[in-house]
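As structure tokens, the structure follows; a few thoughts come after it.
The values are calculated or read from the model by the stated rules, or taken from the named source; none is laboratory data. Just so you know, these numbers come straight off a predicted model, no measurement behind them. FYI the Cβ positions are ideal-geometry reconstructions off the backbone, even for glycines, and counts take in every protein chain you see. The protein model used for the area step is the full one, side chains on, heavy atoms only, and it has no ligands, DNA or RNA in it. Shrake-Rupley method; radii C 1.70, N 1.55, O 1.52, S 1.80 Å.
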Amino acid sequence: MENGFAIAGDYMSAASFLGISGLIALYGYDGMLYSVGFLVAWLVVLLLVAELVRNCGRFTLADVVAARMSERPVRIAAGTSSVAVSVLYLVAQMVGAGSLVALLLGGTGEAARSWTVIGVGALMVIYVSLGGMRATTWIQIVKAVLLMAGTIALTVLVLLRFHGDVNSLLSTAAERSGHGLDFLAPGLRYGGDWTARLDFISLGLALVLGTAGLPHILSRFYTVPTARAARRSVVWSIGLIGSFYLMTIVLGFGAAALIGPAEVRASNAAGNTAVPLLALDLGGGAGSTSGTVLFAVVAAVAFATILAVVAGITLASSASVAHDLYASLRRKHAKQYSEVAVARVAAVVIGAAAIGLGLLASDLNVAFLVGLAFAVAASANLPVLLYSLFWRKFTTRGAVWAVYGGLVPAVLLVLVSPVVSGSPESLFPGLDFHLFPLQNPGLVSIPLGFLAGWAGTVTSTEPPDAARHAETEVRALTGAGAV
């Protein structure tokens, strides 16, 4: 149960609490894709990954893959991919923190938002460096309890405002949206031309398949004593996460009905402040004591959510740098530093990178940013993980090609997509060098990752090690030899 709460705490990020509700408030039905995708993804984790990963791994994703491969190239590839996914995920949390504090300070100035991003990053680097996995686990548990309590309270208040009549809630949301019944139907954000529809499919693929490749989620399975405990952890987390995402739908439509998309967009163009504004209204409105108190409580819960997720991701990525990249790249006769010391330095570097990108992406929706991280995870980490667990003939070349064959296209396609340039919502709205029409690269990069892994294996001159595969298979299915 504790690990299930910790997994849920790691997973229910600022993207879930702030981003999804904001997207539903702005785009209605289409915003619900994030809620559905984030939840359905856990079925993939439960059925294909949780038990086998726990039996095979010890610290990182690379441990699972390298068990039957040449360790050095596989660890370098998997470590690089894990860091890339983690940095993208961290950027979303930083953006959420900046949006939240800007609202707390009355929406004043970029300076407050920028200093908040820097402060959150620095605080969590220090926390992770000093506290390690045990401290991070407990902050996830506390944060999960706080987040669930805050979400339940807001959901109940929204339903009470409409006397429990969900139909009235939806009708009011549609009326205030300015789009009428189209607000409750597919197509407001991902409808119309073929590009938007393909973007919808691409995002759905990334959300459903990406969770199984997230480094900070996979690392949670190494902290339980048995495969049965890993399965039960996932069951607990699915229960918590499922109920949470159902409530985010109520909060999103509640914000549309009570605040209105125009006011939400005026506060934050990406919709990241919809939930705090909803709390202010439910408590009695601006200027009322109860409204201010509820607003402050929700803002505190959201901020705790951001801090906890940043801690979990920073821990997982710095561990990957130390355990995979440093251990593989250091020279045999060079002075050796402990992996713990290297992890602390890595936490600082990764935190600095996330802070810089967070300042750059301050105007993007946090759920959308997490969708990009999921696409990279599904493209680079999932193919190599599934091939390693289930394909007897999989080779070292196949593993390296699978990682880079998914990672490189995913990152490049994002760089030449409308996310970076070519539209008013881009990172660089004044420039236009976009070549790829979709905002999410998953539709192209995920198949490329699987295809590259297959191509690398069938063209490999080195035959797979049958004995090591048999040993890994027995260990994965039975847990024999797992520490």
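Model label sites at ASP193 and ALA269, defined 7 Å from Cα along the beta-carbon direction, differ in position by 2.0 nm.
At 7 Å along Cα-to-Cβ for each site, give me the label-to-label distance between GLU2 and LEU329 in nm. Taking the two extended label points, one gets 3.5 nm. Computed across the chain, the Kirkwood hydrodynamic radius from all distinct Cα-Cα pairs reaches 22.6 Å. Within the shell of other residues whose beta carbon sits under 11 angstrom from the beta carbon of THR172, the net charge comes to 0, with Lys and Arg scored +1 and Asp and Glu -1. Taken one residue at a time, the phi angles of the stretch 230-242 give Karplus couplings (6.51, -1.76, 1.60, θ = phi - 60°) of 5, 4, 5, 4, 5, 4, 4, 5, 4, x, 5, 5, x Hz. Gly and Pro are set to x.
First compute the accessible area of the stretch 1-122 with a 1.4 Å probe, then give the percent of it belonging to carbon and sulfur atoms. Kindly include the intermediate steps, with their values, before the conclusion.
On the way: 2280 of 3330 Å².
Carbon plus sulfur share of accessible area: 69 percent.
Where only DSSP H runs of four or more residues are counted, the chain gives -23500 deg cm²/dmol as its mean residue ellipticity at 222 nm, each run worth -39500 (n - 2.57). Below 15 angstrom from the Cβ of ALA279, what's the summed charge of the other residues (Lys, Arg +1; Asp, Glu -1)? Result for the local shell: -1. Largest first, the extents of the alpha carbon coordinates of the stretch 238-389 on the three principal axes equal 67, 34, 30 Å. Residues ASP63, ASP193 ordered from highest to lowest accessible area at a 1.4 Å probe: ASP193, ASP63. Pair-distance distribution of the stretch 27-88: all C-alpha pairs, bin width 5 Å, starting at 0; shares per bin in whole percent are 3, 15, 16, 17, 20, 12, 7, 5, 3, 1. Once the Cβ-Cβ distance of SER338 and TRP391 is raised to the sixth power relative to R0 = 41 Å, the FRET efficiency obtained is 0.70.
Relative to the longest principal axis of the C-alpha atoms of the chain, give the angle of the C-alpha long axis of helix 32-44, reported between 0 and 90° and rounded to the nearest 10°. Result, in degrees: 30. The magnitude of the dipole of the chain, with charges of +1 and -1 set on the Cβ of Lys/Arg and Asp/Glu and taken from the Cα centre, is near 1560 debye.
Ordering 19-27, 157-165 by mean Cβ neighbour count within 10 Å, with the highest value first, yields 19-27, 157-165. Here the accessible area of the stretch 194-314 is 70 percent carbon and sulfur, with a 1.4 angstrom probe and all protein chains present.
Accessible surface ranking for HIS179, HIS469, 1.4 angstrom probe, highest first: HIS179, HIS469.
Which percent of the accessible heavy-atom area of the stretch 336-397 goes to carbon and sulfur, probe 1.4 angstrom? The value for the stretch 336-397 is 66 percent carbon and sulfur by accessible area. Note that the stretch 1-126 presents 28 Å² accessible area per residue, ligands and nucleic acids not counted, probe 1.4 Å.
Round to the nearest 0.05 the FRET efficiency obtained for LEU43 and VAL345 when R0 = 45 Å and r is the Cβ-Cβ distance. Efficiency for this residue pair is about 0.75.
Calculate, in nm to one decimal, what PHE428 and ARG468 gain on full extension: separation in residues at 0.36 nm each, minus their alpha carbon distance.
The span from PHE428 to ARG468 would gain 9.5 nm if fully extended.
Each part gets one Cα centre, and for the stretch 364-439 versus the stretch 78-99 those centres are 13 Å apart. Kindly express, to the nearest 10 degrees and within the range 0 to 90, the angle between helix 2-11's C-alpha long axis and the longest C-alpha principal axis of the chain. Taking the Cα atoms of the chain, the angle to 2-11 is about 70 degrees.
Computed over every Cα-Cα pair of the stretch 336-483 and binned at 5 Å starting from 0, the pair-distance distribution P(r) comes out as 2, 9, 13, 14, 14, 14, 13, 10, 6, 3, 1, 0 percent.
Once the C-beta distance of ALA149 and ALA455 is scaled by a Förster radius of 51 Å, the resulting FRET efficiency is 0.55 to the nearest 0.05. Remark: the stretch 140-260 carries 41 Å² of accessible area per residue (probe radius 1.4 Å; ligands, DNA and RNA excluded). Compute the helix-to-body angle for 339-360: its Cα long axis versus the longest principal axis of the chain, expressed 0 to 90° and rounded to tens. Around 40 degrees separate the two axes.
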